[in-house]
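The values are calculated or read from the model by the stated rules, or taken from the named source; none is laboratory data. Values in this document were obtained by computation on a predicted structure and should not be read as measured data. All Cβ positions, even for glycine, are placed from backbone atoms using ideal geometry, and neighbour counts span all protein chains on display. For the accessible areas, the whole protein counts, side chains as well, though only heavy atoms, and no ligand, DNA or RNA atoms are used. Shrake-Rupley method; radii C 1.70, N 1.55, O 1.52, S 1.80 Å.
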Amino acid sequence: MGNKVIQSSLTKKYVMALAGLFLVTFLFVHMSINLLVLLPSTDTFNIAAHFMGTNPLIKIFEVVLFGGFIIHIIYGLVLQIQNWMARPNRYKVEGWSHTSPFSKFMIHTAIIVFVFLVIHLGDFYIKAKFLGQVDDVMIDGHHYHDLGAMVLAKFQMPLYVFGYILAIIILAFHLHHGFQSGFQSLGINHPKYTPFIKTVSTLVSIVLAVGFISIPLTIYFGNY
Amino acid sequence: MNLTLKIWRQAGPNEQGKFVNYPVSDISPDSSFLEMLDILNEQLVEKGEEPVAFDHDCREGICGTCSLYINGRPHGPDTAITTCQLHMRKFKDGDTITIEPWRAKPFPVIRDLIVDRSSFDEIMQAGGFISVDTGGVPDANAIPISKVDADLAMDAAACIGCGACVAACKNASAMLFVSAKVSQFALLPQGKIEAKRRVQKMVAKMDELGFGNCTNTYACEAECPKEIQVTNIARMNREFLVAKLTDRVK
Amino acid sequence: MATLDSKIPDGTIAEKWNNFKAHQNLVNPANKRKLEILVVGSGLAGAAAAASLGELGFKVKCFCIQDSPRRAHSIAAQGGINAAKNYPNDGDTIYRLFYDTVKGGDYRAREANVYRLAEVSNNIIDQCVAQGVPFAREYGGLLDNRSFGGALVSRTFYARGQTGQQLLLGAYSALNKEISKGSVKMYTRREMLDLVLVDGRARGIITRNTMTGEIERHAGHAVILATGGYGNVFFLSTNAMNSNGSAAWQCYKKGAYFGNPCFVQIHPTCIPVHGDYQSKLTLMSESLRNDGRIWVPKNKEDAQKIQKGELKPTDIKEEDRDYYLERRYPAFGNLTPRDVASRAAKERCDAGYGVGSTGLAVYLDFADAIKRLGKDVIEARYGNLFQMYEKIVDDNPYETPMMIYPAIHYTMGGIWVDYELQTTIPGLFAGGEANFSDHGANRLGASALMQGLADGYFVLPYTVQHYLADQINVPFFKTDTPEFDKAEKDVREKLEKLLSIKGSKTVDSIHKKLGLIMWDHVGMARNKEGLEKAITEIRELRKEFWKEVKVPGSLKGVNVELEKATRVADFLELGELMAIDALDREESCGGHFREEYQTEEGEAMRNDEKFMYVSAWKFKGEDLDPELLKESLNYENIEVKTRNYKEAKS
């Protein structure tokens, strides 16, 4: 039933929600590994990074992950363009109804996070994976990319630290709305459990923000 | 009270519109917002000018005819009311009040502040009903219905179809309106029989008409004069998902 | 001289409707497609009739002045709908509902029609539940009932304080179902400006599209008028701003008789008038009288202090309060019928005991009910009404008593119809508030919804078919006939005339004047002198209107002032007919109270010997006196008594 070529608005929202929630799980994995860099030696971090870069299962997962990103981005754009088209004539006095402020700026936070993502991938992922611009380090007789050293070096630069922190805060805003919103889109709203989901959403955004931000701050202000 | 009104004037559907300022004076704080516009119109007619066209009918907040986007909010600066129930005591002497029509692609302006909301009727015609003909129905008490469900259905059914949800939504989405009807019927045993067909048809029509998508901002809920809740949107999301996954009709 | 045939079927009262159905003419399914029906109005009666006739297979066109059929003024009914289901096991029967309705109408309704109404009332509830109308329910899952004015049983079904809305949305959904099937074609934002007759039968209408200004012709084999009441003749009423009597008035001028025009219902529980800028009056549901107690101060001095703002209602001690309805009508107390309650309020205010700044208000107090049931229960029952009151008046009714005063609410009068709801023009039917039929001189609460839906779902689909049975060979009508040409020309001329006057008076200013004349002389209390004065004044005002009215704009596009002007032009004639009818009826009955005819205690005095008839007025021409035809009412199944709401005997 319905138009088979153009998906229903609701179907697009399900895809958005599922992709978004999936990406949140990735963020937790990413954060956990990143936090290893704060250990006295960067060896653990480098081994973990190596594992993530070479394990065949993770490699398959990596494709899925990129798929998740691409779907989330493309669907987000399509939905947003449709939303803009739904109101060709804007209001003179724009509405400021009592709603979550973050929810009104999802596309804006998304664009900032996307820009960050591109820079971030360029700095680490592409350099390590394709350009080979990362130094090697020997651990227990094996060669590893010394990503740890690279991270430590980057986070000595004030501008880089500032940019990174800003991007993470914006990401947290995005997640604060996005996480619980995903449940609503999937039809999960219940007087008993929705307040809990909303609390979890706030916690998720705070935990991820604190987790990620603690890395540059510790490195910049600590003895690394 | 003395006020300056900044009102959108547009002579016809295809004409260029603009804001025109009108001063009004000696308005009683106890008069309603529409009565204030009546006074303005009476003055305009006396001067031989054409009055400001706006939709209104019952003036007791139930028919859903009145609209108006007042100072950035549908139905103005009060909650849980329609424009016809808004009273001037909610404004301050000397205020400038900007009055705009509902803005959405599926709600084209017909004249001044009047918009065409027949798209809402089209959505209803797509499936917002239970297919029973007159006569030949069972006794009203033949099917007991849980009071909780009946009350929730009534909460959803209270929608007056005014379009404030669309007007308030930054995406001009009609999800609250559509989900209220879908919910009302999905909650009742009478409505469950054709629930899968209904939700798919109504959503398809909503999309076809060019309403925006829901981003769960909930401005609709904040501005709804009948306080219809976004739990209805979640229910519709659920109903639609289940319908898509399990409907045996291709 | 013309005569009236009410076409009441044979048989005992309980058999009549069945007898009609058993012997009526039917149209076979293949032929139904060849017959076109125009339904004007999309409220309970109109939407229900259009949907039901569409289901049967007729081609239906439905017209409404609103931008959507869902907005018809039936939507504003709050309290509930009656039916003789007897679910509460409290002794209700079809006969009792019939009896209460006839008695409530002060013995001025046609027995057979009212019995049929009571008979189909139960089907309505079944139908609405099947459509998904969310009526209030008990915890056991079954339907809840509440009590209402004028009855000793609880037979009112309700959906919070929005029963009219929910029933209308039910009918609207049935209509949508038919629109989607293609059997009904909907025309919104259309105002009917004339009726077209061909060889003496109703065969079409002329409408104006209020958005484009286009004048349109529509032809059909039959026309159903479901355009509501004419309460807005008073300017201030509980009717919607666009409710008007023009469609009915055009039919009257084309030969349909107007029944009981003076029977107007004044609703006792409305928010009092508070300023001359006011555009309409807001009704607070009569259901409030279930738990609210109505009172004014016992001492005139207290009342005066309250009027000046020196005392608050809560300052008045219990023993200094006059619960005048409970005092005068111990059996029914605050639940007396609307006309009785309204007059009692007027009596107290006229005597100087009124409250509020104008002295034209009485208290409706929930303090006792809140003490007895708790605030939560009261909030659950009336929360939306209390909220509405607070938004309008800026006063919290949980803490201070509400102020109420009677206001024009419903018109029992309307186009005269026979048992088949057919007017004196063949092929023209009238349903709902637009006809005069079932409520006599006063309508009981929760009966308007019942009548509208009864007419639409269960009466018109039968009787219209009966009429159409011999029309199957009449081909679809063309609209380029001389009859349509003339009707359209007349309409255009009238509209152009209104635009060309370019006087100095706005339409509203004249409408307000008319409203005041009507309220003062043709309102809650009437007398010969006042009515004669009203007739003279209305005639003068009509002349002033046609000389001095100012209508800006043109025929093209939206022209709200022009719409209003056509309506007020008709009100200026209709108002006069109401006064003429009131003058003729030298008795007090139901909503019609002639001051000359009252008991020493101030109760209404009916004159059954002389006035037990329906007045049906026939139009004789512009500026000619209408002719009165009388349909005498015979009560064979009810003993006619003086209404007594003091004792519990019925």
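Taken about its Cα centre, the stretch C:152-298 carries a charge dipole of about 260 debye when Lys and Arg each add +1 at the Cβ and Asp and Glu each add -1 at the Cβ.
Protein heavy-atom surface of the protein assembly as shown, 1.4 angstrom probe: 56% of the accessible area is carbon and sulfur, with nucleic acids and ligands not counted.
For the stretch C:5-72, applying the loop criterion from DSSP together with a ceiling of 16 other beta carbons within 10 Å to the GluC sites (Glu not before Pro) yields C:15. Fully extending the segment from residue B:247 to residue B:25 would add 73.8 nm, taking 0.36 nm per residue of separation and subtracting the current Cα-Cα distance. Residue A:190 contributes an accessible area of around 80 Å² to the protein surface, as traced by a 1.4 Å probe with all chains present. So what is the 222 nm mean residue ellipticity for chain B from helices alone, if each DSSP H run of at least 4 adds -39500 (n - 2.57) and you divide by all residues, rounding to the nearest 500 deg cm²/dmol? Per the formula, -11000 deg cm²/dmol. Note on residue C:212 and residue C:390: with the Förster distance fixed at 35 Å, the Cβ-Cβ geometry gives a FRET efficiency of about 0.30. Return the single residue from A:126, A:33, A:213 with maximal mean-square fluctuation; model: Gaussian network over chain A, springs between Cα atoms under 10 Å. Its mean-square fluctuation being the largest, the pick is A:126. Partner shielding of B:156-166 amounts to 3, given as the average count of beta-carbon atoms from other chains within 10 Å of each residue beta-carbon. Legend: P(r) of the stretch C:482-607 from all alpha carbon pair distances, 5 Å bins from 0, whole percents, reading 2, 11, 18, 16, 13, 12, 10, 8, 6, 3, 1, 0. Extent along the principal axes, Cα only, for the stretch B:3-110: 37, 34, 23 Å, with the longest axis given first. In terms of packing, defined here as the mean over residues of other Cβ atoms within 10 angstrom, the peptides C:504-511, C:40-47, C:272-279, A:136-143 line up highest first as C:40-47, C:504-511, C:272-279, A:136-143. Dimensions of the stretch C:290-446 from C-alpha coordinates, computed as largest minus smallest value along each principal axis and given longest first, are 62, 37, 32 Å. Around the amide H of residue B:110, modelled in the peptide plane, lie the amide H atoms of B:115, B:116, all under 5 Å away and 5 or more residues distant in sequence or on another chain.
Total buried accessible area between C and B, probe 1.4 Å, nearest 100: 6100 Å². Measuring nothing but how far apart in sequence close Cα pairs (under 8 Å, 6+ apart) lie, relative to its length, chain C scores a relative contact order of 20 percent. Would you mind giving the total buried accessible surface between chains A and B, with a 1.4 Å probe and ligands, DNA and RNA left out, rounded to the nearest 100 Å²? Counting both chains, the buried surface is close to 3600 Å². The peptide list C:603-609, B:196-202, put in order of mean Cβ contacts within 10 Å with the highest first, becomes B:196-202, C:603-609.
For chain C, the C-alpha radius of gyration divided by 2.2 N^0.38 Å, with N the number of residues, is 0.92. If you model chain A as an ellipsoid using its alpha carbon gyration tensor, with each semi-axis the square root of five times an eigenvalue, the axes come out at 36, 20, 17 Å, biggest first.
Averaged over its residues, the stretch A:167-215 has an accessible area of 43 Å² per residue, based on protein heavy atoms and a 1.4 Å probe. Quick one: helix B:175-187 against the long Cα principal axis of chain B, what's the angle to the nearest 10°, folded into 0 to 90? Approximately 40 degrees, to the nearest ten.
Mind checking the angle between helix C:94-104 and chain C's longest principal axis? C-alpha axes, 0 to 90 degrees, to the nearest 10. Approximately 70 degrees, to the nearest 10. The residues of the stretch B:230-247 listed by number as losing at least 20 Å² of accessible area in the complex, against the isolated chain and with a 1.4 Å probe, are B:231, B:234, B:237, B:238, B:240, B:241, B:244.
Compactness ratio for the protein assembly as shown: Cα radius of gyration over 2.2 N^0.38 Å (N = residue count) comes to 1.05. Legend: calculated FRET efficiency, residue A:74 to residue A:218, from the Cβ-Cβ distance at R0 = 30 Å, rounded to 0.05, equals 0.25. Interface residues of the stretch C:37-70, defined as those with an accessible-area decrease of at least 40 Å² between the chain by itself and the complete set of protein chains (probe 1.4 Å), are C:55, C:67, C:70.
The antiparallel fraction among DSSP beta bridges confined to the protein assembly as shown stands at about 70%.
Counts of other chain beta carbons within 10 angstrom of each beta carbon in peptide B:174-180 average 1. The mean count of C-beta atoms from other chains within 10 Å of the C-beta of residues in B:110-123, rounded to a whole number, is 4.
Counting only DSSP H runs of at least 4 residues, each contributing -39500 (n - 2.57), and dividing by the residue count of chain C, the helix-based mean residue ellipticity at 222 nm comes to -11500 deg cm²/dmol. For the stretch B:118-246, the convex hull drawn through the C-alpha positions has a volume of 111 cubic angstrom per residue. Counting each pair of different Cα atoms once, what's the Kirkwood radius of chain B in Å, rounded to one decimal? One over the average 1/r among Cα pairs gives 19.6 Å for chain B.
Between the helical axis of A:158-185 and the longest alpha-carbon principal axis of chain A there is an angle of about 40 degrees.
Per residue, the stretch B:118-246 exposes 30 Å² of solvent-accessible protein surface, assessed with a 1.4 angstrom probe and all protein chains in place.
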